[in-house]
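The values are calculated or read from the model by the stated rules, or taken from the named source; none is laboratory data. Since this is a predicted model, take the numbers as computed values, not measurements. Here the Cβ positions follow ideal geometry from the backbone for every residue, glycine too, while neighbour counts run over all protein chains shown. These area figures cover heavy atoms from the full protein model, side chains too; ligands, DNA and RNA do not enter into them. Shrake-Rupley method; radii C 1.70, N 1.55, O 1.52, S 1.80 Å.
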Amino acid sequence: MKLRGMRAVGAVGGAFVLALTATGCGLGADLGGKGEKIAIGIKFDQPGLGLKTADGSYAGFDVDVATYVAKKLGYSEDDIVWKEAPSAERENLIKNGDVKFVVATYSINEKRLKEVDFAGPYFLTHQDLLVRGDEVSITKVEDLNSKKLCSVTGSTSARNVKEKLAPKAGLQELGGYSECLAGLEDKKVDALTTDAAILAGYASQQQHWGKFKLVGLSLSDENYGIGLKKGDTALKGKINKALGEMVSDGTWRKLVRKHFSLSSYKSEPAPAIQN
């Protein structure tokens with residue numbers, strides 16, 4: 001239920017305004033009223049998906065999806081407060097009420113479903129490898145057993161490789177994909193692994209043209225969902241409805257073309273929403 005504004009409390013010599021403190025009701029909550037704000041978690045360092053630009057604005061497929069959903073929930077773009085959601089902190093941001101929901105290349109899996117709920121999925125991609133443009137010794141995942149591999153702490157990709165695909169790979173887990181990319185460029189690691197959509201975003205940046213390439217593997221299915229507080233079935237239903245409308249009105253396809261057309265990455269069709 002929305003709180004429609006704040007009541008003024010009268011007192012001798014003036015009036016005191018009853019404030020909603022950050023402890024009692026953070027921006028992740030639905031404050032209601034004119035000019036209300038909504039906090040949404042996104043990535044800040046993923047080109048093509050969620051990126052904080054040099055001028056302080058935000059761009060990417062996930063950003064546009066989140067903006068579309070927020071609008072359907074009754075919030076304008078100016079009402080959105082963007083919060084950085086690193087992979088390892090997404091569940092905490094949701095459970096602590098720091099954000100209303102998270103749209104941050106957030107793959108739905110059984111482990112995460114024990115802690116948060118998901119609307120969607122709204123995008124399907126596959127785990128792949130990014131290597132230097134002149135790399136010829138890595139053509140299959142088994143080649144990683146003698147290589148140095150980088151991924152991000154808290155990502156499903158790192159665990160997938162280490163536990164299932166190439167257990168002898170020298171796995172280095174860092175705080176962000178941009179750090180892994182710097183290590184790849186400096187030849188401190190031999191490959192970067194995560195979802196193909198994320199890798200394509202980095203490879204398609206103008207300053208990286210020709211430096212890197214995707215190996216072209218499909219090591220897993222990654223269904224991106226919108227993470228929200230566990231048990232909030234009303235919000236989940238509203239977000240799922242918004243995602244369905246995004247596909248049916250053609251917006252989803254327009255956003256895919258907008259953000260991925262400059263790379264060689266070929267996206268899958270919009271996945272079926274799971275109610």
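Out of the helices (runs of 4 or more DSSP H) lying entirely within segment 164-275, which hold 1 or more residues that are small (G, A, S)?
On the way: elements: 177-185, 196-203, 233-248, 251-260.
Helices (runs of 4 or more DSSP H) meeting the threshold: 177-185, 196-203, 233-248.
Just checking, how many residues over segment 91-105 are of a type in the set (A, V, I, L, M) and either open to solvent by 20 Å² or more (accessible area, probe 1.4 Å) or not in a loop (DSSP other than H, G, I, E, B) (or both)?
3
Could you grab me the full set of residues in segment 106-137 that are in a loop (DSSP other than H, G, I, E, B), open to solvent by 10 Å² or more (accessible area, probe 1.4 Å) and in contact (Cβ under 8 Å) with a residue 60 or more places away in the chain?
Once the filter is applied, which keeps residues that are in a loop (DSSP other than H, G, I, E, B), open to solvent by 10 Å² or more (accessible area, probe 1.4 Å) and in contact (Cβ under 8 Å) with a residue 60 or more places away in the chain, segment 106-137 yields I108, E115, G133, E135.
All but one of (1) part of a helix (DSSP H, G or I); (2) at pLDDT 95 or above hold for A88, so report the exception by its number.
All conditions are met except number (2).
Here are the criteria: (1) surrounded by fewer than 23 Cβ atoms within 10 Å (Cβ to Cβ); (2) of a type outside the set (V, I, T); (3) on the phi < 0 side of the Ramachandran plot. Tell me which single one G74 does not satisfy.
(3)
Assuming Y202 fulfils every condition listed in (1) crowded, with 16+ Cβ neighbours inside 10 Å; (2) at pLDDT 90 or above; (3) closer than 25 Å to D128 by Cβ apart from one, which condition is it?
Tallying (1) crowded, with 16+ Cβ neighbours inside 10 Å; (2) at pLDDT 90 or above; (3) closer than 25 Å to D128 by Cβ, Y202 fails exactly one: (2).
Got a sec? Which of V161, V152 is surrounded by 14 or more Cβ atoms within 10 Å (Cβ to Cβ), modelled with pLDDT under 90, within 24 Å of the chain's Cα centre (by Cα) and more than 20 Å from E89 (Cβ to Cβ)?
V161
Those residues that are touching a residue at least 40 places away in the same chain (Cβ under 8 Å) and either touching a strand residue (DSSP E or B) at 6+ places or on another chain (Cβ under 7 Å) or within 17 Å of L199 (Cβ to Cβ) (or both), I need them from segment 232-262; list them, please.
D232, L235, K236, I239, N240, L243, V256, H259, F260, L262
Could you pull out the residue among S248, S261 that is open to solvent by 70 Å² or more (accessible area, probe 1.4 Å), of a type in the set (S, T, N, Q), more than 29 Å from K114 (Cβ to Cβ) and at pLDDT 95 or above?
Numbers: S261 fails: at pLDDT 95 or above.
Step by step, each of S248, S261 is checked, and only S248 is open to solvent by 70 Å² or more (accessible area, probe 1.4 Å), of a type in the set (S, T, N, Q), more than 29 Å from K114 (Cβ to Cβ) and at pLDDT 95 or above.
Residues that are modelled with pLDDT of 95 or more, at negative phi, of a type outside the set (K, R) and open to solvent by 80 Å² or more (accessible area, probe 1.4 Å): does segment 233-244 have at least one?
Of the residues in segment 233-244, the ones modelled with pLDDT of 95 or more are 233-244.
With at negative phi added as a condition, the list becomes 233-244.
Pick out the ones that are also of a type outside the set (K, R) and you get 233-235, 237, 239-240, 242-244.
Checking the rest, the ones that are also open to solvent by 80 Å² or more (accessible area, probe 1.4 Å) come to 233.
Yes, segment 233-244 contains at least one residue that is modelled with pLDDT of 95 or more, at negative phi, of a type outside the set (K, R) and open to solvent by 80 Å² or more (accessible area, probe 1.4 Å).
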